[in-house]
1. Of 176, 104, how do they rank once you tally other Cβ atoms within 10 Å and put the fewest first?
2. If you build a Gaussian network model of the chain, linking Cα atoms that sit under 10 Å apart, which residue out of 21, 211, 94 swings the most?
3. Can you give me the angle between helix 101-126 and the longest principal axis of the chain, using Cα atoms only, in degrees from 0 to 90, rounded to the nearest 10?
4. Rounded to two decimals, what is the ratio between the C-alpha radius of gyration of the stretch 85-181 and 2.2 N^0.38 Å?
5. In nm, to one decimal, how far is the residue 193 label point from the residue 49 one, both placed 7 Å along Cα→Cβ?
6. Using only Cα atoms, find the angle between the long axis of helix 190-207 and the longest principal axis of the chain, and express it within 0 to 90 degrees, rounded to the nearest 10.
7. Can you tell me the orientation of helix 55-64 relative to the chain, as the angle in degrees between its alpha-carbon axis and the longest Cα principal axis, to the nearest 10?
8. With the contact rule set at Cα under 8 Å and sequence spacing of 6 or more, what percent relative contact order holds for the chain?
């Protein structure tokens, strides 16, 4: 719950906790971003007009960092353009103030329900990732090519798994750095370049195909063989 108005924040927290939710509070954008980066948050209720970093900046930074925690915006700015901007930046729902308690609870449950369905489908899809002769078994932390195990470091495996699970999708270096390396990692985006180069060389040596497309100035995308469905 990210809200700088103390009275409103306390009332919302009280109502959510009464429904059985465990609620953490933040009073400004920096605290909200720290909570999102720490993880363990199923849903963020985010006010837009916050001291310092605005709610919109928080959301834009989260999505830019690859943090896909569901976000419901709660804002007195209820105009159509405000709602459109909020949703385009990456909000999952937008509730103009003032709103009723039943509406808030219904919207929260709706977003969480969608997220649970999405996570269940994603977990099933990602249990095993295949692309032609390449197979990645996440449960066993094993990657094989034509049945033969690939010798990969832990970070190479994690990077390959993430990219191969989203073929064709372009990820920025910063997004990959945030997802694969710890938040307090001292390196920079060149670390991503090096690991992609290693993976590219290892896979290209097997069948000559370049499995990683470089998008100049942006990042990388996994590129399956053209003869793979």
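1. Listing 176, 104 from fewest to most nearby Cβ atoms yields 104, 176.
2. Of the options given, 21 has the highest mean-square fluctuation.
3. Between the helix axis and the principal axis of the chain, the angle is about 10 degrees.
4. Normalised Cα radius of gyration, the stretch 85-181: 1.49.
5. The answer from the label model is 4.5 nm.
6. The answer is roughly 40 degrees.
7. Between helix and principal axis, roughly 10 degrees.
8. 13 percent
Rule-based calculations on the coordinates, nothing more; no lab input. Keep in mind the model is a prediction, meaning the values are calculated, not measured. FYI the Cβ positions are ideal-geometry reconstructions off the backbone, even for glycines, and counts take in every protein chain you see.
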